[in-house]
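As structure tokens, the structure follows; a few thoughts come after it.
The values are calculated or read from the model by the stated rules, or taken from the named source; none is laboratory data. Owing to the predicted nature of the structure, the values given are computational and were not obtained by experimental measurement. FYI the Cβ positions are ideal-geometry reconstructions off the backbone, even for glycines, and counts take in every protein chain you see. Just so you know, the surface numbers come from the protein's heavy atoms only, side chains and all, with ligands and any DNA or RNA stripped out. Shrake-Rupley method; radii C 1.70, N 1.55, O 1.52, S 1.80 Å.
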Amino acid sequence: MKIPKSHPRYDSLMRRETLVRAWKAGIVVPEGLIAHGRGEAFDYLFGERTIAPALVAERAGAAWLLRAKRPVLSVNGNVAALSAREVVRLARSIPARIEVNLFHRSEARVRRIRQLLERVGARNVLGERPNARVPGLESKRALSHREGVYGADVVLVPLEDGDRAEALVRMEKVVISVDLNPFSRTTRTASIPVVDELSRALLNIHRFAQELRDDPKEITRLTRTYDKDRNMAALYSFLRLGLNGVRATGGTRGRRRP
Ligand code: PTJ
């Protein structure tokens, strides 16, 4: 389908088209399309923009990734389809390993996602032939690499399921999630929950990493001062204010119409 550039929600519609194409190519699972719809609904509530508390979490996330000894970015089907280039760029700038780690795992899909990442410049992507299991997880999400998610000290988990986020926190890793659902188990469990749309979040984390890389004092300050509870409280009040604004104005102020 050709989407006119003039459409007020062009970016969002393009993301949907990209995901459908990736589903046809065997990168995304049908469940990934459902997950995306859930994310879109929350993004709409936030006005389809990055809100201030998300920026705070993104900056803290960048600082933790830069400070890490073994940082790892975890990639699933949706993340590969929507943001392969951004993942590779972020991995290079930290630098961090990339591991393909799937909930609906099949070896063929891990291989296809690894190849997609390599086509946009990734090297030594982990995922095939896993050599470790995250303890306490029944799902195939547990399959991982000692040089990857299993051995990481800081791990970025975009569009995660709550079970693995919990298991990784139990392993005492710093878990940075990206999930538009402010109430999901992942968001509630992660050490640094980023409640923002995936592509915007990755761009912002990359930008902050570039800014911070030569500023070790600021990196230390950010890792010491980030306060998850305060950040989430700010996020919930943004959400409340946004909803009150919708009630007061009939839903159009500051928002793009569908
Ligand atoms: O590729 P696989 O097999 O690993 O499967 C990937 C999915 C996403 C299907 C799997 O991890 C899954 O089932 O995830 P959940 O439990 O549905 O959670 C995904 C979360 O991501 C939901 O809370 C959505 O709100 C959120 N989400 C979806 N799209 C975006 C998003 N958050 C930010 N940006 C998005 N574009």
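Just a few scattered comments:
- Scanning the range 85-133 for residues that are more than 13 Å from the ligand (Cβ to nearest atom) and of a type in the set (G, A, S) gives A91, S93, A96, G121, A122, A132.
- Restricting the range 199-221 to residues that are within 11 Å of the ligand (Cβ to nearest atom) and open to solvent by 10 Å² or more (accessible area, probe 1.4 Å), the residue that is farthest from L73 (Cα to Cα): R200
- Subset of the range 143-158 (residues that are farther than 15 Å from I98 by Cβ and either within 14 Å of the ligand (Cβ to nearest atom) or crowded, with 24+ Cβ neighbours inside 10 Å (or both)): L143
- Output for the range 182-194, where each listed residue is within 9 Å of the ligand (Cβ to nearest atom) and surrounded by 20 or more Cβ atoms within 10 Å (Cβ to Cβ): S184, T186, T187, V194
- Helices (runs of 4 or more DSSP H) enclosed by the range 120-229 - at least 2 residues per element that are over 30 Å from I34 (Cα atoms) and in contact (Cβ under 8 Å) with a residue 60 or more places away in the chain: 198-212, 216-225
- Consider the range 60-83 and keep the residues that are open to solvent by 10 Å² or more (accessible area, probe 1.4 Å) and within 13 Å of the ligand (Cβ to nearest atom). The one that is farthest from E138 (Cα to Cα) is L82.
- For beta carbons closer than 7 Å, sequence separation of 6+ or different chains, a first residue in the range 72-87 that is without any contact (Cβ under 8 Å) to a residue 40 or more places away in the chain and a second that is part of a helix (DSSP H, G or I) and away from the ligand (no atom under 13 Å from the Cβ), the qualifying pairs are A84/L117.
- Residue satisfying all of: in the range 1-39; surrounded by 11 or more Cβ atoms within 10 Å (Cβ to Cβ) and among the polar types (S, T, N, Q); modelled with the lowest pLDDT among these: S12
- The single condition among (1) modelled with pLDDT of 95 or more; (2) open to solvent by less than 20 Å² (accessible area, probe 1.4 Å); (3) within 9 Å of the ligand (Cβ to nearest atom) that G162 does not meet is (1).
- Selection status of A57, more than 16 Å from the ligand (Cβ to nearest atom), open to solvent by less than 10 Å² (accessible area, probe 1.4 Å), on the phi < 0 side of the Ramachandran plot and not in a loop (DSSP other than H, G, I, E, B): no
- Residues within the range 106-123 that are open to solvent by less than 20 Å² (accessible area, probe 1.4 Å) and either among the acidic types (D, E) or touching a Lys or Arg at 6+ places or on another chain (Cβ under 6 Å) (or both), tallied: 0
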